[in-house]
């Protein structure tokens, strides 16, 4: 177990070195708000789809297809359970804050933090399964997430659930996998190059937001502790034991736990700003949970590796 813990710790620390560079760039104004938004758009619209497509560039195998389906079902159920917990616990809070608490509890940074860690620890197979969690994540963000941020009186767009970069990238990747299609080098190599940006660029963005965050808000609000505790500890540990009881193990188990154990999703801040909620609280939760994950992720993911 010690070896698993040390391996995960090393990979998380590597990501935090990149975050530290983003923090310095934010403090020295080498990255500003406009620049961070452009970088975020590049990651959202190009890098993430390329990571997913690249992960699915493998010869079709029935065993892998079955595992892919299992991964999708497990991901959907984990997110659904998270929604139920968030709805029950934060139903009586101030609506503007409750939306942030719910969103922060349900949605992990499964794209920015998980995929780089899955790549480093588990290779392409880990990203292969991680991509299905990202797909389910996108479905929930553009349905439950939008409804939560907009309020009960408004509905999310059904079209947005299907037409977004994460889903499109996953659909392309799945089709290529099912048809055993290998992209020609002239396309495959740019996809690989763009996919390789998924570790450094998102970490720089997170570092920039850390440089602007007032962490006091997250550490002086008791409901922030509840949200972060659920996000970083309770949901990952419960998911781990439920998955084990269901017979899930190996790379699939560890990949799912990495996705679940990641800190609050960076998109929380973007959604908060878009729909006029407490943006300062959302930034604090994203930043504080990211710092705390330096301790929680190695422990939980290392334990998952040990058990698997």
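Points worth noting:
- C-alpha long axis of helix 2-27 to longest principal axis of the chain, angle in °: 60
- GNM remark for the chain: springs join alpha carbons under 10 Å apart, and the peak mean-square fluctuation among 95, 190, 49 falls on 190.
- Each principal axis of the Cα atoms in region 204-308 has its own extent, and those three values, largest first, are 43, 29, 25 angstrom.
- GNM remark for the chain: springs join alpha carbons under 10 Å apart, and the peak mean-square fluctuation among 210, 232, 294 falls on 294.
- Overall form of region 52-177 per C-alpha gyration tensor (a/c, 1.5; a/b vs b/c): prolate
- Cα-based Kirkwood hydrodynamic radius, the chain, one decimal, Å: 19.3
- Zero-based 10 Å bins, Cα pair distances in region 60-108, whole percents: 25, 34, 20, 14, 6
Every number in this text was worked out from the coordinates using simple rules, so none of it is lab data. Remember, it's a predicted structure, so these values are computed and weren't measured experimentally.
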